[in-house]
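Structure record follows, encoded as structure tokens.
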Amino acid sequence: MNKETAIFGGGCFWCTEAVFKMLRGVFSVTPGYAGGEDSSPTYNKVSSGNTGHAEVIKIEYDSSVVTYETLLTAFFATHNPTTLNRQGNDVGTQYRSIILYTTEQQKEEAERLVEKLNAEGGKKIVTEMKKLEKFFPAEQYHTDYYKNNRQNPYCQLIIEPKVLKMQEKFAEYLKEEEIK
């Protein structure tokens, strides 16, 4: 197994956690905070928009099963990377589109894909890219939020469409139990 780590922020981490847990080769998705200055971020502090941190997920995956490029492609397909500091009704820097790379190779792959997507036309991608300094895991109640709260209106209205989009667009990459 080739264990690697990817850190993405695509708005609310409940959404991104739910979609990335579906991929074959992903064995762990942890909601958390990164990209800011606060050395002890909490959900309440990050939600204020004053910490500089974004809601992110830490994806641990087997790169012999799923590539970083596939993760990037899914990342860009399941959120709006063209809106600055916003995903739908979630507004603020804590919801920004961000890639926190852990290696120069990840940085180069992300830059190539953004260049390619921008060349295809449409709105310009505003995803921030920076080297990961530190990842802070979120409070435990954020883990498996979608799985544990499917009746919650936010889950039904916001997360469910992203899950369905992942099932439709990335069926060939899904874990067997996620194929509908």
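What to note about this one:
- Of Phe76, Ile59, Thr103, farthest towards positive along the dipole that unit charges on Lys, Arg, Asp, Glu beta carbons give region 30-117: Phe76
- Region 121-180 and region 18-53 have their alpha-carbon centroids 12 Å apart.
- Between Leu23 and Lys175, the built amide H atoms are under 5 Å apart, and every one of these is 5 or more places off in sequence or on another chain.
- Rounded to the nearest 20 debye, dipole of region 6-136 from Cβ charges on Lys, Arg, Asp, Glu: 240 debye
- Mean-square fluctuations from a GNM of the chain, with a 10 angstrom spring cutoff on Cα atoms, peak among Thr16, Thr103, Thr30 at Thr103.
- Rounded percent of accessible protein surface that carbon and sulfur make up, the chain, 1.4 Å probe: 48 percent
- Mean shadow area of region 1-158, taken as a quarter of the surface of its Cα convex hull (nm²): 9.0 nm²
- Highest average packing first - 108-117, 1-10, Cβ atoms within 10 Å: 1-10, 108-117
- With all protein chains modelled, accessible area of Val65 [1.4 Å, Å²]: 80 Å²
- Global geometry of region 92-153, whether rounded, prolate or oblate, following the gyration tensor of its Cα atoms and the 1.5 cut on a/c: oblate
- Our coupling estimate for region 137-146, obtained by passing each phi through the Karplus curve with A = 6.51, B = -1.76, C = 1.60 and θ = phi - 60°, is x, 6, 4, 4, 5, 7, 5, 6, 4, 4 Hz, Gly and Pro reported as x.
- For region 23-35, 3J(HN,Hα) computed residue by residue from phi via the Karplus equation (6.51, -1.76, 1.60; θ = phi - 60°) reads 7, 4, x, 8, 10, 7, 10, 10, x, x, 10, 6, x Hz, glycine and proline entered as x.
- Under a Gaussian network description of the chain, with springs only between Cα atoms under 10 Å, the residue in Phe76, Phe27, Phe135 that fluctuates furthest is Phe27.
- Surface exposure of region 122-180, expressed per residue as accessible area with a 1.4 Å probe, stands at 72 Å².
- Note, ³J(HN,Hα) from phi for region 54-61, Karplus 6.51, -1.76, 1.60, rounded to Hz, x at Gly and Pro: 10, 6, 9, 10, 9, 9, 9, 8
- Lys147 sits with roughly 140 Å² accessible to a 1.4 Å probe, with DNA, RNA and ligands left out of the calculation.
- Put a plus charge on the Cβ of each Lys and Arg, a minus charge on the Cβ of each Asp and Glu, and nothing anywhere else: the dipole of region 83-170 about its Cα centre is then about 180 debye.
- Under 23 Å from the Cα of Lys45 - lysines, other chains or at least 8 residues apart: Lys58, Lys130, Lys131, Lys134
- Rolling a 1.4 Å probe over the protein heavy atoms gives region 1-108 an accessible area of 37 Å² per residue.
The values are calculated or read from the model by the stated rules, or taken from the named source; none is laboratory data. From a predicted model like this one, the values you see are computed outputs, not experimental measurements. Quick reminder, even Gly has a Cβ in these numbers, built from the backbone with ideal geometry, and neighbours come from all protein chains shown. We work out accessible area using only protein heavy atoms, side chains counted, and drop any ligands, DNA or RNA first. Shrake-Rupley method; radii C 1.70, N 1.55, O 1.52, S 1.80 Å.
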